[in-house]
Each structure stands twice: as C-alpha cells, then as structure tokens.
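Colleague: Dumping the structure here so I can ask a few things about it.
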Amino acid sequence: MQAFPKEFLWGGATAASQVEGGWNEGGKGLDTQDCRPQDFTLTRAQKNDWHFKQMTSEKFEAALRCTDAGCYPFRWGSDEYHHAHEDIELFAEMGMKVYRLSVSWARIYPNGDDPEPNEEGIRYYRELLEDCHAHGMKVFLTILHYAIPVHLVEAYGGWKSRKLVDFYVRYAKTLFERLGDLVDYWLPFNEMNAGRFNPYNGLGLIKDREENYEQAIYQGLHHCFLASAKACALAHKMLPGSKVGCMIARFCHYAATCSPEDQLQMLHDEQYTNWFYTDVMVRGYYPEYMQRLFRDHHIEIQMEPEDDQILKEGTVDFVSFSYYFSQVSTVDDAWEKTDGNLVVASKNPYLKSSEWGWQEDPTGLRITLNQFWDRYHIPVFVAENGLGATDVLEEDGSVHDPYRIEYLRSHVKAMAEALEDGVDVFGYTMWGIIDLVSCGSIEMSKRYGVIYVDADDEGKGTFKRYRKDSFWWYQHCIASQGCDL
Ligand code: BGP
C-alpha cells in the first residue's frame, strides 16, 4: 500500500469534559457536561434510551445543587487533570504527531461571562501544551467541545442568546493571546451540527424551558456560526498564518432503495444533517436549500445587518469531521432502526454493528473524504474515528482488543484509498486515544482508548494507565507511515 505522506498528522483526540476530571479544582466552574447524570442501576438498553439521555430542568437543577461528584461521571472523567504528564508521555511513546484536545471554557472563565480569566486554568493548559511540544507533538485545539459554563445557561438561556457570541469571542481571544504560541491547529467548535441533533450538548438548551424549541435551535446555531466566524477572523488577525477549521459529526447516508423518494430523502438528510453546517463555515453564507426548510417550518432567524459580512469574513482553512458509522435514508417509517452517535439511525443490512449498535463502515469514510474534497477543495482532517467496546484488563496488565485493531485497520485503509483518489487528507486523530467517559452513554465501560484507564462507570478504580494491544498496533502503524497495518 502507498505510504501516507511523511508530514501526515497521526494522532489521538479527547475532550476536556470526558477526560479531565478535576471538576472543582484549579478554580474551574461547573459546566453543562458536569450536570449530566448517570443511573448506575440501569441496564445498557435503558441507559441508551433516548428519553433517559434527554436533559430536563429537574435533572439540571438537581445537578446544580449537588456539591460532590455524585452520579456525574464527567466530574471525574479519566482524571487527566492529575495524569497529564503521564498521558503525554504515553502518546509520545506511540509516536503520535499531534494531540487533539479541548480547553474547558469553565476552567478559563468559570462563569463564562467573568471579566477576567482564571490564571490557574491558563497555567494548566500552558504546561500541558508545552509538554506536548517538548515531546515533539503538535497541538490541535478545540475551543469548545460541548461543555458550557452553567451560568450561561442559567442567566442567558444558552446559545439562543446573542450575548454568548461576545462571551465566546472574549474566551477565544484569551486563548489566542495566552496559548497562541503553542497551538498548531484551531477548531472553534466541536461538531457544529450537534446543536441540532443534541441541543443540550451543542447549545445548552433544555427542552422543557423552551417555548419554541426548533426556533431556539436555529437561532442558537446562528449565534454559533457567528462566534465561529469571529474567532476564525480574529485568529487570522492575531496569529498570522494560523490554521482554523470547522467540524461536524459526519452522518454518511445511503438511500435504502433506488426509488426516487428514497433518493430525495437521502439528499435532504445530507443537506440538513451535514452540508448546511460546513457550507456556512466554509463558504461563508447560508445555503439556499435551508431557506425552504425554514419557510416550511416557520423558523425565522433573527439576524443583524452585519451578520452576512461576519460569516463571509470568517471562513475556515480546513474542514474536519468525526466519523463512526453510516446509516440509511428512507421514507419508510417502519424501516428497522439502530443506534448512532446521539441519534437513532436506520439499519443497513450489509453492515455489522458495534456492541452499541453503531454500524461499522470503513467504505463510508472513503466516500466521506471524497465528498468533502469534491465539494470544497480545501484540506480535510479526520478529527475523530474509533470503536467503543467493552475491554477486559487481564491480571498481567494486558488488554486484548483485536476488534479495535480490526476497526482501526479498516478505516486507515479506507483513508489510504482516499489519498489515492486524490483527496488532500492531512491528519487523523483517533477518538478516545485514552479511555474516557462516553459522551452519549455517560459511562466508562464504552471504551475507545488504545490506553486503558482502570476506572469503572462509578469512578471506582486506581485510574492507572495500561497499554492495550491496539497501543502497539497504532505505534507500528505510525512508524510504518500506515504501510504495515
Ligand atoms: C462524538 C463526540 C465525542 C465522543 C464521540 C463518541 O460525537 O465529539 O465527544 O464522545 O462522539 O461518542 P460516544 O462517547 O457517545 O460513544
């Protein structure tokens, strides 16, 4: 197989809320992820039930009152807050070229709207990023990966308030000023389309508090687009030559049949769940097809006269996405369903599914890469890809995870094919390079890492790190430039 280019960025990805822990240390404020509870008595099926995962004001207010870690797994994560140096050393041992991580907004601005940043938080990230560089790794920094300071939800109602744009820009500016010399790639928002498929994670919206939920979602998204564009323009101004990207959770769709209705459904699914978001951030304006959707759903986004210009001036340098599975588009409501990344997906009989029902499809990654490149012709980055599975830590400290190796191998091969197809894909950060709390199912036992963390769903354990078999596989993959898989 053709080698990946020498400068290809092999790496791993995490998010502060899922890996860091230290929820009430170093001056950190409480954020929206710290407030998502788990019920440890539920079965897996119950935990994954959509209704259980939905945030309600009752749950949210209970979380605000809870002053210990309680039943809130994001409050302890994988305790990277106390293991950062050790983790960086393990990443470097693997030969990783880049670490994708996020900053916790509430660690820098505990309430989100504070006039001054929290110096202790800045110090924590400076040391962490310096450590990456000392180990020869580049830094890919996500400015906002879901966790919003709770005060912004309580006082302003989350992203539906335009005030958040200014608070976010102040936060981003602080990062550019104080960490700018240590960051190689910037990502203003993780999975922009989450605002639509998971409005609590993406926008800090709580459904039962909204009179018109759909309206609040698109208004909130508009503010996120503005914030992203402003951050992008500001980074380019403050840090000349800086690279700023956008990201979505990629939902790869296949029409269930060749009936024109299913084909049209596929077109709409692609537009509404994927392209809308990248079209705005790459091209700098709202695509025409969304006007139809807004009209049909009586959505009126409040925009200011300067907004067109803001979007136009804040377009990105590269496009990135998370990719885990593909799904089927159909007009048949009775079509069999399965789980997907915070969504319910239609089942594809040609694919096998993970333990959590996500349909594994490496070819979909090749298709996705081709589609992004064809559509935008700007560099493409695979910001997340990986397999959540149950792993077993053996007595001798080993973890045998051939299923993960197989998943990663097939997806790296698909990426190699896309390179051959002519796609300018410049990096790959495997998701959950180290075990962390699952975003969707709020549990540790859905493990993604090539590094095992000895902690259970309730946060009990030593938090000691162990190399899984996939650790050695990835090390070899990187060393051989993806040639020997
Ligand atoms: C993406 C998120 C991540 C991550 C991943 C896996 O949507 O950006 O935060 O968690 O999905 O999802 P899960 O943890 O639900 O298995």
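Colleague: Give the residues of segment 312-347 that are in contact with a Phe, Trp or Tyr (Cβ under 6 Å, 6 or more places away or on another chain), of a type in the set (A, V, I, L, M) and crowded, with 21+ Cβ neighbours inside 10 Å, sorted by residue number.
Modeller: Selection gives Val319, Val328.
Colleague: Hand me the list of strands (runs of 3 or more DSSP E) wholly inside segment 388-485 holding 3 or more residues that are in contact with a Lys or Arg (Cβ under 8 Å, 6 or more places away or on another chain), over 29 Å from Gly21 (Cβ atoms) and touching a residue at least 40 places away in the same chain (Cβ under 8 Å).
Modeller: Correct list: empty, since no element meets the threshold.
Colleague: What are the pairs with Cβ atoms under 6 angstrom where one residue, in segment 362-378, is farther than 16 Å from Ala416 by Cβ and the other, located anywhere, is assigned to a helix (DSSP H, G or I)? Sequence gap at least six, or different chains.
Modeller: Pairs that qualify, where the first residue is farther than 16 Å from Ala416 by Cβ and the partner is assigned to a helix (DSSP H, G or I), are Tyr376/Val282.
Colleague: If you take the residues of segment 338-360 that are out of contact with any Ser or Thr (no Cβ under 8 Å at 6 or more places or on another chain) and in a loop (DSSP other than H, G, I, E, B), which of them is nearest to the ligand (Cβ to nearest atom)?
Modeller: The extreme case among them is Leu342.
Colleague: Go through segment 361-398 and give me each residue that's more than 16 Å from the ligand (Cβ to nearest atom), of a type in the set (Ser, Thr, Tyr) and touching a strand residue (DSSP E or B) at 6+ places or on another chain (Cβ under 7 Å).
Modeller: Tyr376
Colleague: So, in segment 185-233, exactly how many residues are away from the ligand (no atom under 16 Å from the Cβ), in a helix (DSSP H, G or I), over 19 Å from Asp279 (Cβ atoms) and in contact with a helix residue (DSSP H, G or I) (Cβ under 6 Å, 6 or more places away or on another chain)?
Modeller: Number of matching residues: 5.
Colleague: Is segment 360-374 home to any residue that is hydrophobic (A, V, I, L, M, F, W, C), surrounded by 19 or more Cβ atoms within 10 Å (Cβ to Cβ) and under 19 Å from Gly11 (Cα atoms)?
Modeller: yes
Colleague: Tally time: how many residues in segment 197-218 are under 20 Å from the mean Cα position of the chain (by Cα) and not β-branched (Val, Ile, Thr)?
Modeller: Going through segment 197-218 one residue at a time, the tally reaches 10.
Colleague: Another question about this same structure. Kindly state which helices (runs of 4 or more DSSP H) lie completely within segment 1-75 and contain at least 2 residues that are within 15 Å of the ligand (Cβ to nearest atom), at pLDDT 95 or above and under 28 Å from Leu141 (Cα atoms).
Modeller: Helices (runs of 4 or more DSSP H) meeting the threshold: 16-19.
Colleague: Are any of the residues in segment 145-166 over 21 Å from Glu58 (Cα atoms), under 15 Å from the mean Cα position of the chain (by Cα) and within 16 Å of the ligand (Cβ to nearest atom)?
Modeller: Looking through segment 145-166, at least one residue is over 21 Å from Glu58 (Cα atoms), under 15 Å from the mean Cα position of the chain (by Cα) and within 16 Å of the ligand (Cβ to nearest atom).
Colleague: Look at segment 320-337 and say how many of its residues are away from the ligand (no atom under 14 Å from the Cβ), farther than 12 Å from Tyr254 by Cβ and in a strand (DSSP E or B).
Modeller: Number satisfying all stated conditions: 1.
Colleague: Also, quick follow-up: Exactly one of these conditions fails for Asp308: (1) under 30 Å from Leu234 (Cα atoms); (2) away from the ligand (no atom under 16 Å from the Cβ); (3) in contact with a Pro (Cβ under 9 Å, 6 or more places away or on another chain). Give me its number.
Modeller: Unmet for Asp308, out of (1) under 30 Å from Leu234 (Cα atoms); (2) away from the ligand (no atom under 16 Å from the Cβ); (3) in contact with a Pro (Cβ under 9 Å, 6 or more places away or on another chain): (3).
Colleague: Residues to consider are Asp421, Asp401, Asp435; find the one that is within 15 Å of the ligand (Cβ to nearest atom) and either of a type in the set (D, E, K, R) or under 23 Å from Asp456 (Cβ atoms) (or both).
Modeller: Only one candidate passes the filter, namely Asp435.
Colleague: I'd like the full set of residues that are within 9 Å of the ligand (Cβ to nearest atom) and within 18 Å of Val399 (Cα to Cα), limited to segment 438-452.
Modeller: Lys446, Tyr448
Colleague: If you check Leu175 against the conditions, is it part of a helix (DSSP H, G or I) and either within 20 Å of Val280 (Cα to Cα) or more than 16 Å from the ligand (Cβ to nearest atom) (or both)?
Modeller: Taking the combined requirement at face value, the residue satisfies it.
Colleague: Something else: Mind listing whichever residues of segment 62-78 are crowded, with 20+ Cβ neighbours inside 10 Å and either small (Gly, Ala, Ser) or in contact with an Asp or Glu (Cβ under 8 Å, 6 or more places away or on another chain) (or both)?
Modeller: Within segment 62-78, Ala63, Tyr72, Pro73, Phe74, Arg75, Gly77, Ser78 meet the criteria.
Colleague: May I pose another question? Using the structure shown, decide if Tyr277 is over 19 Å from the mean Cα position of the chain (by Cα) and hydroxyl-bearing (Ser, Thr, Tyr).
Modeller: no
Colleague: Residue by residue through segment 429-457, note down the ones that are farther than 18 Å from Trp472 by Cβ, surrounded by 20 or more Cβ atoms within 10 Å (Cβ to Cβ) and of a type outside the set (Gly, Ala, Ser).
Modeller: Correct list: Thr429, Trp431, Leu436, Val437, Cys439, Ile442, Glu443, Met444, Lys446.
Colleague: Another question, then. Does segment 247-261 include one or more residues that are crowded, with 20+ Cβ neighbours inside 10 Å, over 21 Å from Gln33 (Cβ atoms), in contact (Cβ under 8 Å) with a residue 40 or more places away in the chain and charged (D, E, K, R)?
Modeller: The answer is yes, given that some residue of segment 247-261 is crowded, with 20+ Cβ neighbours inside 10 Å, over 21 Å from Gln33 (Cβ atoms), in contact (Cβ under 8 Å) with a residue 40 or more places away in the chain and charged (D, E, K, R).
Colleague: Moving to a separate point now. Which of the residues that make up segment 77-107 are farther than 14 Å from Gln18 by Cβ and part of a strand (DSSP E or B)?
Modeller: Val98, Tyr99
Colleague: If the Cβ limit is 8 Å and pairs must be 6+ apart or interchain, which residue in segment 51-74 that is without any contact (Cβ under 8 Å) to a residue 24 or more places away in the chain pairs with which residue that is of a type outside the set (A, V, I, L, M, F, W, C)?
Modeller: Cβ pairs passing all conditions: Phe52/Asp39; Phe52/Gln46; Cys66/Tyr72.
The values are calculated or read from the model by the stated rules, or taken from the named source; none is laboratory data. Remember, it's a predicted structure, so these values are computed and weren't measured experimentally. Please note: Cβ atoms are built from the backbone with ideal geometry, for glycine as well, and neighbour counts cover all protein chains shown.
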